[in-house]
Amino acid sequence: MKVFSRLTAIAVTTGALIASASAAFAGLGQPSPWEIGMQQSASPVMDDITSFNTFLFWITTAIALFVLILLAIIIVRFNARAHPVPSRTTHNTPLEIIWTIVPVVILAAIAVPSFRLLFIELEVPKPDITVKVTGKQWFWSYAYPDNGNFQFDSTFVADKDLKPGQPRLLTVDNEMVVPVNKVVHVLVTGADVIHSFNVPSFGIRIDAVPGRLNDTWFKATREGIFYGQCTELCGTNHSFMPIVVRVVSEADFNAWATKAKQEYADTEPPQPTTVAAADTPAQ
């Protein structure tokens, strides 16, 4: 049994190292080299998602270790050499009660925080700002009905046009700008095919469906630039329609909104020319 105890200790230690390494390698706002976990959280919803993921990790680890130990015991103690006369026991009432009740308890323990998280994601608090997002082939359009009802397109920046420090395949010409510590109500729809609006650090992902208005929300708790991408297979340039959200102070947002209202309100934004499949950079 000492061997089993040592194996259990090694497995638990390995799990703890993996969990800590996941937090260490995960980046804030964009993917990081050697990242093995989710991106660092920048919203209350993402905090809850991360906590729930860690909770599930330990439950699945415990179940896997328990099953592994049972299999090892059976292999060692109940093989033909160690146990030449097999047991003819057909029923064990206490054991049957245990293996019925324990899975129910485990599922209930998972269901309660899961339902809570779903309600948090679906129940939009009173918004401070509303942004309408429209997915198109293959770019995003953003409208600000609460700040002058202006709109603009956000298109992918090719490799040859990148500036130093701008990430490849994630940079756009016009960013979605929101204020920090404010509830942002995001209305999402599609203009042609189904897209998906996804920003990992905010814990939001929702389909942009033509003819339907879906909604989600987030509250950014840190200033900075946060990247996402369309996560629906929407066509040949699917991998070239990134999402960039710039989180700024309230004063900076008001200044940006005033400038953007003057720049975009009076003119319909031009439709960008989609990049031909042959001209798209290799991933």
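Conditions: (1) closer than 30 Å to I59 by Cα; (2) buried (at least 19 other Cβ atoms within 10 Å of the Cβ). S154 meets all but one. Number of the miss?
(1)
Answer yes or no as to whether V193 is assigned by TED's automatic domain parsing to the domain that holds D252 and either without any contact (Cβ under 8 Å) to a residue 24 or more places away in the chain or within 24 Å of N149 (Cα to Cα) (or both). Step through it out loud before you land on a result.
Details: assigned by TED's automatic domain parsing to the domain that holds D252: yes; either without any contact (Cβ under 8 Å) to a residue 24 or more places away in the chain or within 24 Å of N149 (Cα to Cα) (or both): no.
Criteria not met by V193.
Regarding the range 251-262, can at least one residue be identified that is surrounded by fewer than 17 Cβ atoms within 10 Å (Cβ to Cβ), at pLDDT below 90 and not aliphatic (A, V, I, L, M)?
Here is the first cut: in the range 251-262, the residues surrounded by fewer than 17 Cβ atoms within 10 Å (Cβ to Cβ) are 251-252, 254-255, 258-259, 261-262.
Narrowing further to those that are at pLDDT below 90: 261-262.
Those left that are additionally not aliphatic (A, V, I, L, M): 261-262.
Scanning the range 251-262, I find at least one residue that is surrounded by fewer than 17 Cβ atoms within 10 Å (Cβ to Cβ), at pLDDT below 90 and not aliphatic (A, V, I, L, M), so the answer is yes.
Consider the range 101-143. How many of its residues are of a type in the set (V, I, T), surrounded by 11 or more Cβ atoms within 10 Å (Cβ to Cβ) and free of Cβ contacts under 8 Å to residues at least 40 places away in the same chain?
Our first condition is that a residue be of a type in the set (V, I, T); within the range 101-143, this holds for 101-102, 104-106, 110, 112, 120, 124, 129-131, 133-134.
Now restrict to residues that are surrounded by 11 or more Cβ atoms within 10 Å (Cβ to Cβ): 102, 106, 110, 120, 124, 129-131, 133-134.
Next, only the ones that are free of Cβ contacts under 8 Å to residues at least 40 places away in the same chain stay: 102.
Residues flagged as of a type in the set (V, I, T), surrounded by 11 or more Cβ atoms within 10 Å (Cβ to Cβ) and free of Cβ contacts under 8 Å to residues at least 40 places away in the same chain within the range 101-143 amount to 1.
For N149, are the conditions met, namely being under 25 Å from C230 (Cα atoms), modelled with pLDDT of 90 or more and either polar (S, T, N, Q) or touching a helix residue (DSSP H, G or I) at 6+ places or on another chain (Cβ under 6 Å) (or both)?
Details: under 25 Å from C230 (Cα atoms): yes; modelled with pLDDT of 90 or more: no; either polar (S, T, N, Q) or touching a helix residue (DSSP H, G or I) at 6+ places or on another chain (Cβ under 6 Å) (or both): yes.
It is false that N149 is under 25 Å from C230 (Cα atoms), modelled with pLDDT of 90 or more and either polar (S, T, N, Q) or touching a helix residue (DSSP H, G or I) at 6+ places or on another chain (Cβ under 6 Å) (or both).
For the range 49-62, check the following and say yes or no: at least one residue is more than 29 Å from I206 (Cα to Cα), without any contact (Cβ under 8 Å) to a residue 60 or more places away in the chain and surrounded by 10 or more Cβ atoms within 10 Å (Cβ to Cβ). It would help to see each step written out before you state the result.
Going residue by residue through the range 49-62, those that are more than 29 Å from I206 (Cα to Cα) are 61-62.
Restricting the remaining residues to those that are without any contact (Cβ under 8 Å) to a residue 60 or more places away in the chain gives 61-62.
Narrowing the set further to residues that are surrounded by 10 or more Cβ atoms within 10 Å (Cβ to Cβ) leaves 61-62.
Taking every residue of the range 49-62 in turn, at least one turns out to be more than 29 Å from I206 (Cα to Cα), without any contact (Cβ under 8 Å) to a residue 60 or more places away in the chain and surrounded by 10 or more Cβ atoms within 10 Å (Cβ to Cβ).
If G228 satisfies all but one of (1) within 21 Å of I120 (Cβ to Cβ); (2) surrounded by fewer than 20 Cβ atoms within 10 Å (Cβ to Cβ); (3) in contact with a Pro (Cβ under 8 Å, 6 or more places away or on another chain), what's the number of the condition it fails?
In the conditions (1) within 21 Å of I120 (Cβ to Cβ); (2) surrounded by fewer than 20 Cβ atoms within 10 Å (Cβ to Cβ); (3) in contact with a Pro (Cβ under 8 Å, 6 or more places away or on another chain), G228 misses (2) alone.
With (1) at pLDDT below 90; (2) under 26 Å from I206 (Cα atoms); (3) surrounded by fewer than 17 Cβ atoms within 10 Å (Cβ to Cβ) as the list, and D266 as the residue in question, which single condition is left unmet?
Answer for D266: the failing condition is (2).
The values are calculated or read from the model by the stated rules, or taken from the named source; none is laboratory data. This is a predicted model, so every value here is computed, not measured. Backbone-built Cβ (ideal geometry, glycine too); neighbour counts: all protein chains shown.
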